[in-house]
Amino acid sequence: MRNPISTAILGLFLLFGFVPFGQADEAAEITKMTKEKVNNVISYLRDESLDKEVRNKQIIDEVNTMFDFNQMARLSLGKKWKKTKKQQRKEFVKVFVQRIQQSYLEKLELYTDEEVIIEDAELTKKNRATLTTYLVSKGDKKEMIYKFYKHKKRGWLVYDVNILGVSFIQTYRSQFSGVLKNKSMDELIEDLKNPEQS
């Protein structure tokens, strides 16, 4: 059985209907990439011979190739991003990415071999796509929708995830907006570095 939260790092998946040939190729590319990455992560989780540190590095390497964490960091600040100094942006992205990656690894510890269903990707508009996955265990079916955009150099990357109807980016944006009403950007960065103290 697999843990629902663990799928966050396990995937990117969707449903695609009739589209022009070129778009169908794009959708198929996203689906193929997602399935390969998910299968790789699952194989790491199931390999009991792997040292935990080695396993975690392999998982993060897989995730880094399909998620645009830098873009997610920018989107999570919303309008605040443009008002943030260059050095602060750089530091924020660094700690934000570390925070997300660590959170994913912690949630993967809950993985107990649930079934992951990956549907076909669907192009929603030019250079945008979604992919739906389901985590199934004991009759329970949880939906996760991954949102992609096409990067000029890196190809299709995830920039947001909807988990049970809740946007990952919007959740963080709301949290950060609330913090920045009472604290400075430097204080927010420190909070991200030391979450147990914030």
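So, taking all protein chains as they sit and a 1.4 Å probe, how much accessible area belongs to Trp156, in Å² rounded to tens?
10
Kindly flag which residue pairs out of Lys80/Lys183; Lys37/Lys57; Lys107/Lys183 have an alpha-carbon separation exceeding 19 Å in this structure. Spell out each step's value before the answer.
Values: Lys80/Lys183 13 Å; Lys37/Lys57 14 Å; Lys107/Lys183 29 Å.
Beyond 19 Å: Lys107/Lys183.
What spacing in nm lies between the two simple spin-label points modelled at Asn182 and Glu36, each 7 Å away from Cα in the Cβ direction?
My value for the distance between the label points is 4.7 nm.
Using a 1.4 Å probe on the protein heavy atoms only, what accessible surface does Tyr159 show? Give it in Å² to the nearest 10.
Roll a 1.4 Å probe over it and Tyr159 shows about 50 Å².
Quick one: helix 86-108 against the long Cα principal axis of the chain, what's the angle to the nearest 10°, folded into 0 to 90?
Its long axis makes an angle of about 50 degrees.
Tell me which of Phe176, Val38, Ser103 sits at the most positive position along the dipole axis of the chain, charges placed on C-beta atoms (Lys, Arg +1; Asp, Glu -1).
Phe176
Tell me, what is the per residue accessible area of the chain in Å², probe radius 1.4 Å?
With all protein chains present, the chain gives 57 Å² per residue.
Points 7 angstrom from Cα along the Cβ direction at Glu109 and Asp191: gap in nanometres?
2.4
If you average the alpha carbon positions of the range 63-101 and of the range 129-160, how far apart do those two centres end up, in angstrom?
Distance between centres, Cα-based: 20 Å.
The values are calculated or read from the model by the stated rules, or taken from the named source; none is laboratory data. Everything numeric here is computed off the predicted structure, so don't read it as measured data. Cβ atoms come from the backbone with ideal geometry, glycine included; neighbour counts cover every protein chain shown. Only protein heavy atoms, including side chains, enter the accessible area calculation; ligands, DNA and RNA are left aside. Shrake-Rupley method; radii C 1.70, N 1.55, O 1.52, S 1.80 Å.
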